[in-house]
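Novice: What follows is a structure written as structure tokens; I'll ask about it next.
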């Protein structure tokens, strides 16, 4: 789960980000591209 019973949200978040970065790398992209997409969505929502 995202937050464990002992409140290890930081450790679980690190695991999630690690696996996301691995996936992005395998797909030939990176976190910068994801951030750019989020910024684009944010600006179109305003």
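Novice: Measure nothing fancy, just the Cα-based angle from helix 31-45's long axis to the longest principal axis of the chain, in degrees from 0 to 90, nearest 10.
Specialist: Roughly 70 degrees between the two axes.
Novice: Residue 8 versus residue 35, label points 7 Å from Cα toward the beta carbon: distance in nm?
Specialist: With each label placed 7 Å out from Cα toward Cβ, I get 2.8 nm.
Novice: Round to the nearest 10 and give me the degree value, 0 to 90, for the angle of helix 9-26's Cα axis relative to the longest principal axis of the chain.
Specialist: Approximately 50 degrees, to the nearest ten.
Novice: Rounded, prolate or oblate: which one fits the chain, using the alpha carbon gyration tensor with axes a ≥ b ≥ c (rounded when a/c is under 1.5, else prolate when a/b beats b/c, else oblate)? Mind dumping the intermediate values first?
Specialist: On the way: a/c = 4.19, a/b = 1.48, b/c = 2.82.
Oblate shape, in that a/c is at least 1.5 and b/c is the bigger or equal ratio.
Novice: Next question. Using only helices, what value at 222 nm comes out for the chain when you add -39,500 (n - 2.57) per DSSP H run of length 4 or more and divide by the total residues, to the nearest 500 deg cm²/dmol? Present the calculation step by step, with values, prior to reporting the outcome.
Specialist: On the way: 2 runs with 33 residues, N = 46.
One gets -24000 deg cm²/dmol as the mean residue ellipticity at 222 nm.
Novice: What FRET efficiency do you get for residue 23 and residue 46 if R0 is 30 Å and r is their Cβ-Cβ distance, rounded to the nearest 0.05? Don't skip to the answer; put the middle values down first.
Specialist: Working: r = 29 Å, r/R0 = 0.98.
Computed FRET efficiency for residue 23 and residue 46 comes out at 0.55.
FYI, it's all coordinate maths here, none of it is from the lab. Note that the structure is a prediction, hence the values are computed from the model and not measured. Glycine gets a Cβ as well: all are built from the backbone with ideal geometry, and neighbour counts include every protein chain shown.
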